[in-house]
C-alpha cells in the first residue's frame, strides 16, 4: 500500500513523516508522534476524548483521515501547556475538582478551550451546549461546568487569578474542605499515561478471537494459519495454560480462554501477539474454530426451570449463589398487618461505560517476573490467581495498577490479564492489548439484571411488621462477583429499617448472557429500588408522608440489623431531614397534595435541557427549544 | 475497522472523475468522513477494506457557495458549520442555523458536509427537512467522454428510501440548490435522547413569511422527518395556513393535521404527542422570527 507523506505543524513543531492511508489523525498523533494526551474512548465520534484543533477548529480526530490533516496546523492537549505552565482553564479544572478518573479530561479541556475561544463570555447554558460532544462518566458534569465558568471569569477579570489557588486547609484538616487532587495536573495536561498510552521497546500488539456463539462446544481449534503469518510472534489457546486454569472473584469458574466450550458471545477463545495491531487482527481471523452449538439459556427464570441447559458441571441447578436470611416469623407478621402489599420489580443490565476501554501490558522482566500493568481494581487478588494459572511462585508474579480511566466495579475482573501473561511468556517480548469500545461492551461484566417479588406487611400507623423478599439475578455465564453482589443485596436490600419478621432470598443464576459483576452499590441498587418504591406505595395507601413512613421505621442507635450487627450510630434521620429540606418537599401523602407541586420548577432546580443558548439575547434563549423528554 | 490501500485527494472535479474511472468498482467516496469510520465498525459493517478512498472535500467547486436570482447554490462539501458562521447563508436559509446547532456536535459539524448528509439518506437526517422546505434540488455530475455531464433533480425524488438515492455509480453529488428565503422566519425543532450527538426521533423545519402588517401568513413551508421512511413536506397544512390570519385557533388546527400520518416503525404514540407540540412551537417560533407582533399570549407562553 502506498504510504502517504504527511507534512504538518503539530504543537508548533514541523512534522514530516510517512503515514498509512487508512490511518486516522488520532492514530498518527498517538501512535506515530507518541502524543498520547488525547485518547480513543469510542472510535466513533461519540465521546470526544480525541478532540484536537486542526487549523484552529476543534475536530474529533477519530473521525478524520490523516490525509485531511495534510499541511494543517494541529494542536493536541499537550500543546496547551507547552511551557510547563498550565493554562487558566487547566488550572480551573484542577481547582474545581473537574478531573476525576481523568480520561475524558484532555478532550474536555480542549472542548472548553474551544468554547471560550468562540465566546469568551459564554454563559453556563452555552458552555453546556458547546461541550455537548464530550462525554464524562465520573463527574455528572457540574464540576466541569464550574471549572469553565471559573476560567471564563478569571480571563475576563471578574475573578482574581488567586481564585485558582489552593485554599490552605491547615495540617491534617481535610474533612469538609475543597482539597485539590494531587493527580489533577497530570490529567488536565494529558501527560498522565494510562495503560493504553504506554509503549515498551519491542512491544507486540494483541488481538483476541472471541466467540460468536452464546453456548457451543469447541470441536476443533486450528491456529496454524495464524502462526504462519509474517509478523505473528505468538498465538495462545487454553492449551498454553501451564497451571490451574480458572479465575473469578469468589468462584474460579472462568478459564483464561474458553476450554472445551464457550458460554457467552464475546468469550475469549484464542489470542494473537503480532508486530502491529492490523496483523494481529488478520491473524485472529485466520484461526479456524469449529463449533457445535448447544442449547442456550437467556433468562434467569429459564435457567432455573427443570431440564434447562447446564452451563457449569459443578452447578447442575445453574445457581451461582443463594443467600437466605430468616428473622422472626413472616406469617405472624403478615397476620398482624393491616395492609399487605405485593409487587414485582425488575431492573436491567447496565454497562459501566467508563471512558477508558480495558487495556494492559504484559512482560517478563530481567528476573523472570511476569509483570502485568493494567487498570485493575483488584491487583492483589489477581496476582494470587495468576500465580496459580501460570504455575509460578507468587514472587514471580507482579501486578502494577495503571491509572484507572473509570472503573465503577467493571475492572474488578481478571478478564484479560491472564492472556497478557501467557503471551509475554510465550513470545518473551512485551505485549499490549487495548480493547475497542465494542469489545469492552460485549465482553466485560454488567450490572446484574434483577427480578424481585416483594411482599410487605404494615400496621395502619405505618410500622413494617413483615417483609418477604425474593430477588433472582441473571449472573451471566461466569460467577465473577455474583456471590458478593447477592450477599450485599441480602444484607442491605431490606433497607435501613427495623423489620421484626423478614424472609430474604437473593439468588444469582448462570445464563448464557454476558457475565454480570460488580457495579457501584453492588446489589444494593436493585434491592433498594424495590424496597424504597414499595415504601412510597405504602405511604400513599396509608395516607402517610413518604419521609414520615421512613422515620417511623428507621433503625436507631442500638438497633440490631437482620444480620445481627448492632449499630453504634445511625445518621439516617439527619439524612432524611437534609433531603426533605433540600428538595423543598411539600409535606403529605403523595395522593393528598393535589395536581400542583410547589416543590417543582423552583429557581434553584436545574432547568430542562435547552438548545440555542448561543443565539440568546440578554441571557434569554429566544424561542425556548426545550427537549420534550 | 476501515482499511484502504490508497487515499486520494483530488484537487479538481476532473481529477476526481479520473480517479473514479481508474479505480472503477474499487473506491468509496468520502467527504467529511464522519460517518465512514463509525460505519466500518463492529455492529454496522464490521471490518471493511476499501481499496481506494477518494476524498472530494477539497475540490473547489464542491466548496463554493453563491446566492443569485433567488436561489442558493452550495457545494456538496459545504460543512454544516457554515450555516452558523456564514451570515449570508443563514439569512437566505432562515431555519438552517437552528438545524445546524442541533446537528451532531460543535466538532463534527465542522467536518460533516451537507452533501454527505443528503447522500446518506437517513430517514432521521437533520439536514433534509429544511432542504425540502427550501425546494432543494441536487446537482449530479459524471464524466461523459471529455465533458462533464450534469443533471438536476428535486431532492424529494433523489431520496428514494432509507439509505437509498438515485445517485448512479459513476456520479458525484456536486451541489445542492435551494430557494433563497430572505425575510422568512425560520425554526427547527428536534427531539432525541440528549442534546448533542443524537438521532432525531422527530425533526421539523418551519419557514413563515408574513404580510407587511405581520398578521397574515403570506407563505409557509413545513417539512418533517423521523415519522416515516423519508422526510416530506406537509403541503396540506401549508395550503390550509397560507393566506390566513396568524391566529392561535388556526395554528392549533394546523398542528393537529399531520398527527394522523405518523408511520414510523416505533413509538408512534410518543411521536404523535411530539409532532403536535412541535407544530405549534415551530410555527410560533418561525412567526416570531418573521416579526409577528401579536400572537395569542397563551400560545406564545406555552410554546415560544
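Please treat every number below as a calculation from the coordinates, not as lab data. Remember, it's a predicted structure, so these values are computed and weren't measured experimentally. Counting neighbours? That spans all protein chains shown, and the Cβs are built from the backbone with ideal geometry, glycine included.
Cβ crowding within 10 Å ranks A:585, B:102 as A:585, B:102, fewest other Cβ atoms first.
Counting, for every residue in A:36-49, the Cβ atoms of other protein chains within 10 Å of its Cβ and taking the mean gives 3. Packing-based ranking of A:324-331, A:190-197, B:172-179, A:153-160 yields B:172-179, A:190-197, A:324-331, A:153-160, ordered from highest to lowest mean Cβ neighbour count within 10 Å. Using all pairs of distinct alpha-carbon atoms, the Kirkwood hydrodynamic radius of segment A:53-109 works out to 12.8 angstrom. Summary of packing: across the peptides A:336-343, A:180-187, the per-residue average of other C-beta atoms within 10 Å ranks them, highest first, as A:180-187, A:336-343. Counting every C-alpha pair in segment A:1-146, the share spaced more than 27 angstrom apart comes to 20%.
Considering every residue in B:6-12, what mean count of other chain Cβ atoms within 10 Å of its Cβ is obtained? Write down the numbers at each step before the final one.
Details: counts 7, 12, 3, 5, 0, 0, 0.
Shielding by partners across B:6-12 averages 4.
Computed over the Cα atoms of segment A:4-79, pair by distinct pair, the Kirkwood hydrodynamic radius stands at 11.9 angstrom. Here the relative contact order of chain A, from alpha carbon pairs under 8 Å that lie six or more residues apart, stands at 12 percent.
Please label the shape of segment B:1-92 as rounded, prolate or oblate, based on the square roots a ≥ b ≥ c of the eigenvalues of the alpha-carbon gyration tensor (a/c under 1.5 means rounded; beyond that, a/b larger than b/c means prolate, else oblate). Judged from the Cα gyration tensor, segment B:1-92 comes out oblate (a/c at least 1.5, b/c at or above a/b). Specify the angular offset, from 0 to 90 degrees and rounded to the nearest 10, of the alpha carbon long axis of helix B:13-22 from the longest principal axis of the alpha carbons in chain B. Between helix and principal axis, roughly 50 degrees. In this label model, residue A:391 and residue B:235 are separated by 7.9 nm, measuring between points 7 Å along each Cα→Cβ vector. The sum of -39500 (n - 2.57) across all DSSP H runs of n ≥ 4, divided by the residue count of the protein assembly as shown, sets its helix-only mean residue ellipticity at 222 nm to -7500 deg cm²/dmol. With R₀ set to 56 Å, the beta-carbon distance separating residue A:178 from residue B:153 gives a calculated FRET efficiency near 0.35.
Quick one: B:78, B:160, fewest Cβ neighbours within 10 Å first, how do they rank?
Values: B:78 22, B:160 13.
Ranking B:78, B:160 by Cβ neighbours within 10 Å, fewest first, gives B:160, B:78.
When Rg and the Kirkwood Rh are both derived from Cα coordinates, the Rg/Rh ratio for segment A:491-574 amounts to 1.03. Shape class for segment B:2-55, computed from the alpha carbon gyration tensor (a ≥ b ≥ c): prolate, with a/c not under 1.5 and a/b above b/c.
Can you pull the one-decimal nm distance between simple spin-label points at residue A:585 and residue B:256, each 7 Å off the Cα toward Cβ? Each label point is offset 7 Å from its Cα along the Cβ direction, giving 4.4 nm.
What do you get when you divide the Cα radius of gyration of segment A:340-384 by 2.2 N^0.38 Å, with N the number of residues? Write down the numbers at each step before the final one.
On the way: Rg = 19.7 Å, N = 45, 2.2 N^0.38 = 9.3 Å.
Relative to the rule-of-thumb radius for its length, segment A:340-384 sits at 2.11.
The ratio of the alpha-carbon radius of gyration of chain B to the globular-protein estimate 2.2 N^0.38 Å is 1.04.
Shielding of A:59-69 by partners, i.e. mean partner chain Cβ atoms within 10 Å per residue? Before the final figure, lay out each step's value.
On the way: counts 6, 8, 1, 3, 12, 6, 11, 1, 9, 9, 0.
If you average over the peptide's residues, the count of other-chain Cβ atoms is 6.
Per-peptide packing, taken as the mean over residues of other Cβ atoms within 10 Å, places A:555-567, B:64-76, B:26-38 in the sequence B:26-38, B:64-76, A:555-567 from highest down. Relative contact order for segment B:185-303: 30 percent, from Cα pairs under 8 Å spaced at least 6 residues apart, divided by residue count. In segment B:185-303, the ratio of gyration radius to Kirkwood radius, Rg to Rh, stands at 0.97 when only Cα atoms are counted.
Relative contact order of segment B:60-179, taken over Cα pairs closer than 8 Å and 6 or more residues apart, is 29 percent.
Quick one: work out Rg over Rh on the C-alpha atoms of segment A:354-421, Rh as Kirkwood radius. It would help to have the intermediate numbers written out before the result.
Values: Rg = 11.5 Å, Rh = 11.9 Å.
Result for segment A:354-421 is an Rg/Rh of 0.96.
Normalised by 2.2 N^0.38 Å, where N counts its residues, the alpha-carbon radius of gyration of segment B:60-179 equals 1.01. A straight chain from residue A:156 to residue A:310 at 0.36 nm per residue would run longer than the Cα-Cα distance by 48.8 nm.
Return the whole-Å distance between the Cα centroid of segment A:312-368 and the Cα centroid of segment A:546-595. Result: 26 Å between the Cα centres.
Grouping the Cα pair distances of segment A:136-289 into 5 Å bins from zero gives a pair-distance distribution of 2, 7, 11, 12, 11, 10, 7, 7, 7, 8, 8, 6, 3, 1, 0 percent in increasing distance order. May I ask you to derive the FRET efficiency for residue A:351 and residue B:194 from their Cβ-Cβ distance with R0 = 22 Å, giving the value to the nearest 0.05? About 0.85, to the nearest 0.05.
As a size descriptor, the averaged projected area of the C-alpha convex hull of the protein assembly as shown was calculated at 43.4 nm².
Relative to the dominant Cα principal axis of chain B, helix B:268-289 is inclined by about 80°. With 0.36 nm allotted per residue and the present C-alpha distance subtracted, the residue A:7-residue A:244 stretch has 80.1 nm of extension available. In segment A:4-79, what percentage of the DSSP-assigned beta bridges are antiparallel, given to the nearest 5? Of all bridge pairs located within segment A:4-79, approximately 90 percent are antiparallel. Computing FRET efficiency as 1/(1 + (r/R0)^6) for residue A:365 and residue A:275, where r is the C-beta to C-beta distance and R0 is 22 Å, gives about 0.55.
When A:443, A:29, A:15 are arranged by Cβ crowding within 10 Å, least crowded first, meaning fewest neighbours, the order is A:15, A:443, A:29.
What whole number of Å gives the distance from the Cα centroid of segment A:53-78 to the Cα centroid of segment B:1-68? Taking the Cα centre of each part, segment B:1-68 and segment A:53-78 sit 18 Å apart.
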